[in-house]
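What follows is a set of notes on a single structure, which appears directly below.
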Amino acid sequence: MSRFRFPVGRLPDEALLSGLATGDPELSVSFVRRFQHRVFGVAIAVTGDPQLAEDIAQQTFERAWQHAQIYDSRRGSVTTWLTTIAHNLAIDAVRSRRPEPLAPEDLDAVLGAVTETPEQHALADEASTRLRGAVAQLPPEQGRALVMAGIYGMTAQQIADREQIPLGTAKTRIRAAMGKLRTALASDRRGGDDHGQ
């Protein structure tokens, strides 16, 4: 018999996350059940490996439990937060298995995978099209540096090692790419606001 006034399955995501944080067994199980298919879906989409995706899903829930107290609803829904954790873990797993640098022609596929979480899919097309367009305008070496830093989470030193360039050059490429991307996306946004109002 549930000690809650209405079924646990109807509790808001934030309540289940709080239960996970406190170690409440009933709420923790409900949290995992609610999100397990979505988390596994993100992991399998990135890795293409069911066994690895299962491991990533488990790591995602462990990470959620460890960091539940720092979840901030102002920065996104529980679903977005959790799928971001799963996505980042999956990318890390893929990166650790793939020693070769990301080829520029793979950029589109990587950017596509980043935006294709179930929660964000409806809004992702327009945003990812703008982002892809802005990244496509970058010189290839800046685009690679940006993807390695922003999507794969690599440090400037790791990028320098991977690209076989000096550390200062890697930092310059990342900074230049970020500046150009910010400018391009800001002008897109201003243009969209002018038409939308």
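Values quoted throughout were computed directly from the atomic coordinates according to the rules given, and no laboratory measurement underlies them. Being a predicted model, the structure only gives us computed values, none of them experimental. So basically every Cβ, Gly included, is an ideal-geometry build from the backbone, and we count neighbours across all protein chains shown.
Structure notes:
- Label-point gap, in nm, between V29 and E14 - each point 7 angstrom along Cα→Cβ: 2.6 nm
- Kirkwood hydrodynamic radius (C-alpha pairs) into Stokes-Einstein, the stretch 55-97, 20 °C and 1.002 mPa s, D in µm²/s: 199 µm²/s
- Working value for the stretch 17-70: equivalent-ellipsoid semi-axes of 22, 11, 8 Å, each the square root of 5 times a Cα gyration tensor eigenvalue, largest first.
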